[in-house]
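Everything on this sheet refers to the single structure shown next.
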Amino acid sequence: MRFTKMHGIGNDYVFVDCFRQSLPEAPETLAPKISDRHFGVGGDGLILILPSNAADARMRIFNADGSEAEMCGNGVRCVAKYVYDHAIAQKNPLSIETGRGVLTLYLEVKDNAVRTVTVDMGEPILEPARVPVQLSGQAIVDYPLTVEDLKMEITCVSMGNPHCVIFVPRIEADLVARIGPRVEKHPLFPNRTNVEFVEVLSRSEVRMRVWERGSGETLACGTGACAVCVAGVLNGRLDRKVTVHLLGGDLDIEWKDDGHVFMTGPAVEVFTGDWPA
């Protein structure tokens with residue numbers, strides 16, 4: 001099986017072109033093996049690039065633990081780069097079908113290769129039942145939650161996948177590693193959740209670290225950065241246009257007046273190879 005390793009600011013995945021080869025059997029079983037950083041290719045998960053009846057291509061994403069996710073912001077930028085650079089569809093903008101629906105992606109192309117991508121991520125989902133989070137109300141903003149005697153306030157947002165945003169005075173590695181997995185699997189979240197820890201630098205700039213559902217801490221999360229912008233506006237900490245500094249690099253996020261969230265960031269192809277059958 002031919003594969004391509006790609007990343008969006010360090011959020012790395014193994015991509016399989018299912019236009020030119022058959023769909024791998026049992027991708028949920030393949031994902032943990034190929035994602036293993038010691039015995040496999042290494043990555044935060046597996047992404048399949050498939051034909052679509054509704055868009056230029058379709059994306060399916062499997063986390064490093066084999067669970068299938070609805071959406072990946074950094075991953076979908078890489079899919080757009082692959083689709084354009086490998087001449088599956090050399091259009092600008094491109095449309096990619098995801099678990100969130102069909103998204104529109106605007107490409108910055110230089111020397112016939114995609115460098116950065118701006119994604120129309122659609123409108124954030126705030127209704128608790130649709131996030132999902134087992135709380136009542138129109139939106140969950142600064143809800144008090146205690147985990148391991150740590151009192152914090154959470155804001156819940158879905159960008160097609162669930163996010164729990166926690167603003168903290170200072171982000172520490174121990175906080176992410178200790179609290180992240182406990183919030184991910186907290187009974188409030190029936191489908192588990194991604195967890196963002198956020199340090200506000202100004203109304204237009206934040207530092208963020210993320211514990212991703214099914215993958216652990218990763219260098220970046222595009223949907224998480226979008227959720228942070230939305231959460232910061234809802235609780236009055238941020239303006240509608242922010243730069244999010246992640247361990248792997250920066251993303252520019254804007255929650256526009258029409259309700260749509262736009263994410264801009266790079267996409268990089270690292271190498272290709274063959275995975276034995």
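The values are calculated or read from the model by the stated rules, or taken from the named source; none is laboratory data. Predicted, not measured: the structure shown is a model, and the values here were computed from it. Glycine gets a Cβ as well: all are built from the backbone with ideal geometry, and neighbour counts include every protein chain shown. Quick note on the areas: whole protein, heavy atoms, side chains included, nothing else; ligands and nucleic acids left out. Shrake-Rupley method; radii C 1.70, N 1.55, O 1.52, S 1.80 Å.
Values for this structure:
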{"read-out": "Subset of the stretch 6-19 that is surrounded by fewer than 19 Cβ atoms within 10 Å (Cβ to Cβ) and not aromatic (Phe, Trp, Tyr) - its residue that is nearest to Glu217 (Cα to Cα)", "value": "Gly10"}
{"read-out": "Considering residues of the stretch 129-143 that are out of contact with any strand residue (DSSP E or B) (no Cβ under 7 Å at 6 or more places or on another chain) and free of Cβ contacts under 8 Å to residues at least 60 places away in the same chain only, the residue nearest to Ser158 (Cα to Cα)", "value": "Ala129"}
{"read-out": "Within the stretch 127-173, considering residues that are charged (D, E, K, R) and part of a loop (DSSP other than H, G, I, E, B), the one most open to solvent (accessible area, probe 1.4 Å)", "value": "Arg170"}
{"read-out": "The stretch 78-95, residues that are open to solvent by less than 10 Å² (accessible area, probe 1.4 Å) and out of contact with any Leu (no Cβ under 7 Å at 6 or more places or on another chain)", "value": "Cys78, Val79"}
{"read-out": "Unique residue being crowded, with 17+ Cβ neighbours inside 10 Å, modelled with pLDDT of 95 or more and of a type in the set (Val, Ile, Thr) when the list is Val176, Val109", "value": "Val176"}
{"read-out": "Which listed residue is of a type outside the set (Val, Ile, Thr) and either surrounded by 24 or more Cβ atoms within 10 Å (Cβ to Cβ) or closer than 20 Å to Pro93 by Cα (or both), from Ser67, Ser22, Ser52", "value": "Ser52"}
